[in-house]
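Here's the structure we're looking at; comments come further down.
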Amino acid sequence: MDNSNGIHYIELSPNPIRFDAVSQLTNVFFDDSNKQIFAVRSGGATGVVVKGPGSPDDVVISFCMSDRGGAIRSIKFSPDNQILAVQRKENSVEFICFQGDQPLLQDIITHQVKTMIHGFVWVHNREVALISNTGVEVYTVVPEKRQVRSVKSLSIGIKWFAWCCDANVALLCTSEGNSLIPVLVKQKVITKLPKVDLGNPSRDVQESKVTLGQVYGVLAVLILQSNSTTGMMEVEVHLLNGPGLAPRKCHVLRLSLLGRFAINTVDNLIVVHHQASGTSLLFDISLPGEVINEITYHTPITPGRSIKPFGLKLPSLSPDGQILQCELYSTHWVLFQPNIVIDAKLGCMWFLNLCIEPLCQLISDRIRLTEFLLQRSNGKQILLKVIGQLVDDQYKGTLLPVLETIFSRINKIYASWVQLELQNQTAQPSNVKTTTLKQSTPPIVLIEQLDMVQIFQRIARRPYTESILMLYLQSLNKFNIAAQEELSKMIISELISNRSFDTLRRLVSYSMLLESKSVACFLLSHSNVDTAISQVAIDMLGRIEAHEIIIEVMLGQGKVIDALRLAKNSMGLEKVPARKFLEAAHKTKDNLIFHSVFRFFQMRNLKLYETLSFPKAEQCTEFIQHYNNTFPAENPTRQPVS
């Protein structure tokens, strides 16, 4: 146990759902599908209070029902809270219809079977699955006719079962052979899936050692057992990897402890609680581990630490109130999936939450921390903060390989998302509205270029900034991701500031920066620093065939002949504006250039209009006069002034 410095990475939700604690008169039940907790007084005769998430201070439903004999074994509402199912006997279930939030006690439907019912789960507003020692059967409840009709059944001997409401899967432990068989139970559907591969056919798996949940969207069967060699406890993780595939042991979590354990899943992490040491161990099966015979063995992400201490505010007349420090890892705790903790004696229900920031202090390996944060639902801002710290003024040259690997991790995910978006855009028919298309699910954490630019802007103009920018650009290029405008402009600014013109020229020549008019104009705005920048901009404009801008640049530089040649080839002879070029030639104060340009347009006029004269619409009078005055002896007929 390592709780130094008071660092805790797991905490209880700040506002627990409060309910009447267990007593001689009150029994407490929990429905893990609806996440509702039932406080039943005197078998329901003196009241049933139902509470659930979203209303910690308000009663969800409160009612009374008759005590029909026999202690309540299980009680659950249908998903719409309109039918209450109550099991008092091992072979029957009662269904009580509700009008609003009050029961219609005169219309109780009792369904009795000849088998022993292990439990039941609602699969729809009017459909319930009864799981007994002889199989699984789905029934439709018909309140209007006070009937319960069988719609689907599966015959199989069952010792016990576990239920995963998120996946609608029941894990059945069979009477013969002790096999673990997942069964998909939905409305009017029961689908038997391949059994869990336990390795040893004679192996007996106890119900208390099995947890059923979802990790990274995949159904996981978690089995607690002792290692045959070391004797220490470990958790086998069997994943249902796809339709038709048997759940296979893919991971083993090494606990290196003995005693009593309980398991939750929080934000795709497997949390193993150890009661004796009062600690919780975190495991992430997405992180690399030791691979033996295609099974990955994991150790805890960091040494185990306790859940953050929790002070429960008690009713009091004093303004400050009284605070009760709750006993953590209490023997009265009961855990449900995915992240629910119930203390029946205290009358509190919490959700376990992950505290990410403390983990950043505990995971010293920045690459491993990056891999960890990329899989956390609230990991983006923390990861950006970590990267920002790495590239800040504490930077050391030895961190370049670390940054290179981190950039590779984030850009691999970024590239997959970009590719998926491109495929969706390409596959979208033009006549189909976008609202009818299935939207892509983004990665858990997506670090885009704009996110990185905001980090890089904080280290602009530092001696090492260019190296980091080049590293990030190379990583993008490695995954075939085009640099966007903001990143391209920042790289250009750094290279110009460092007078790295050769690097700038190479990046443009290999199309590693965004090729656009905006970026080219950004380059041109810095052309006063060095003439090489202007040429780089022109090269980029040429690649995107932005000839009009190139012509303007050339005219501004006095390269009138080059501009005229480009205009002729790109615009066509008839579209070349005479006045613009004659004006530019005149500004050069080079008579030879002016003469060449003027004669070019005379030849153009001759070809297009069969005369040397300029059309009046081109408004070239002043340039005709300048030509006649400058070259009076060249043409005896002189150029007429239009």
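Simple rule: put +1 on each Lys or Arg Cβ and -1 on each Asp or Glu Cβ in the range 26-114, find the dipole, and look at SER74, ILE61, SER33; the Cα lying farthest toward the positive end is SER74. When the Cα positions of SER613, PHE598, PRO632 are compared along the charge dipole of the range 545-633, PRO632 comes out farthest toward the positive end, with charges on each C-beta of Lys, Arg, Asp and Glu. For the range 246-318, go through all pairs of different Cα atoms, get the mean of 1/r, take its inverse, and jot down that Kirkwood value in Å. Averaging 1/r across every pair of different Cα atoms and inverting gives 14.3 Å.
Could you work out how much longer the chain between LYS186 and GLU144 gets when fully extended? Use 0.36 nm per residue separation minus the Cα distance between them, nm to one decimal.
That works out to 12.8 nm of additional length.
Taken about its Cα centre, the chain carries a charge dipole of roughly 920 debye when the Cβ of each Lys and Arg holds +1 and the Cβ of each Asp and Glu holds -1.
The alpha-carbon of LYS345 sits under 27 angstrom from the alpha-carbons of these lysines, leaving out residues fewer than 8 places away in its chain: LYS35, LYS51, LYS76, LYS89, LYS209, LYS308, LYS313.
Taking a ≥ b ≥ c as the square roots of the eigenvalues of the Cα gyration tensor, the chain is classed as prolate, since a/c reaches at least 1.5 and a/b is larger than b/c. Amide H contacts of GLN147: VAL142, each under 5 Å away and 5 or more positions distant or on a separate chain (H built 1.01 Å from N in the peptide plane; Pro and chain starts excluded).
Against the main long axis of the alpha-carbon atoms of the chain, helix 485-497 sits at an angle near 60°.
Residue by residue, the range 353-365 carries 3J(HN,Hα) couplings of 10, 8, 9, 6, 4, x, 5, 5, 7, 8, 9, 6, 6 Hz when phi is fed to the Karplus relation 6.51 cos²θ - 1.76 cosθ + 1.60 (θ = phi - 60°); x denotes Gly or Pro.
Between ARG499 and HIS547, full extension at 0.36 nm per residue minus the direct alpha carbon distance yields a gain of 14.5 nm. Amide H to amide H, with H built 1.01 Å from N, ASN91 comes under 5 Å of ILE117, counting only residues 5 or more places away or on other chains.
Using a Förster distance of 30 Å, how high is the FRET efficiency between SER42 and THR441, based on the Cβ-Cβ distance and rounded to 0.05?
Computed FRET efficiency for SER42 and THR441: 0.05.
A straight Cα-to-Cα reach below 19 Å connects LYS589 with the lysines LYS559, LYS580, residues fewer than 8 places away in its own chain not being considered.
Under the shape rule built on the C-alpha gyration tensor, where the axes satisfy a ≥ b ≥ c, the range 545-633 is oblate, since a/c reaches at least 1.5 while a/b does not exceed b/c. Taken along the Cα-to-beta-carbon direction at a fixed 7 Å, the label points for GLN625 and ASN528 span 3.4 nm.
For the pair LEU399 and ALA415 in one chain, pulling the backbone fully straight at 0.36 nm per residue adds 3.4 nm over the alpha carbon distance.
Rolling a 1.4 Å probe over the protein heavy atoms gives the chain an accessible area of 49 Å² per residue.
Modelling each spin label as a point 7 Å along the Cα-to-Cβ direction, I'd like the GLU294/GLN557 distance in nm, to one decimal. Label-label distance for GLU294 and GLN557, simple model: 6.3 nm. Does anyone have the angle between helix 400-427 and the longest principal axis of the chain? Alpha-carbon axes, 0 to 90°, nearest 10? Between helix and principal axis, roughly 90 degrees. For the chain, the share of DSSP beta bridges that are antiparallel, to the nearest 5, is 95%.
Over the chain, what percent of the accessible surface lies on carbon and sulfur atoms, probe 1.4 Å?
49
In this Cβ point-charge picture (+1 for Lys and Arg, -1 for Asp and Glu), the range 545-633 has a dipole of about 160 debye about its Cα centre.
The aspartates and glutamates whose alpha-carbon is closer than 18 Å to the alpha-carbon of LYS152, local same-chain residues fewer than 8 away aside, are GLU127, GLU137.
Provide the convex hull volume over Cα atoms per residue for the range 594-635, in Å³.
Once divided by residue count, the hull of the range 594-635 is 66 Å³.
Per-residue Karplus couplings for the range 35-47, computed as 6.51 cos²θ - 1.76 cosθ + 1.60 with θ equal to phi - 60°, are listed in order as 6, 10, 10, 10, 9, 10, 9, 6, x, x, 5, 9, x Hz, Gly and Pro entered as x. Axis angle, to the nearest 10 degrees, between helix 379-391 and the longest C-alpha principal axis of the chain: 50 degrees.
Toward the positive end of the charge dipole of the chain, with +1 on the Cβ of Lys and Arg and -1 on the Cβ of Asp and Glu, the farthest Cα among ALA21, HIS238, ILE285 is that of HIS238.
The values are calculated or read from the model by the stated rules, or taken from the named source; none is laboratory data. Remember, predicted model here, so these are calculated numbers, not experimental data. Using ideal geometry, Cβ is built from the backbone for each residue, glycine included, and neighbour counts are taken over all protein chains shown. Protein only, heavy atoms only, side chains kept; ligands, DNA and RNA dropped before computing areas. Shrake-Rupley method; radii C 1.70, N 1.55, O 1.52, S 1.80 Å.
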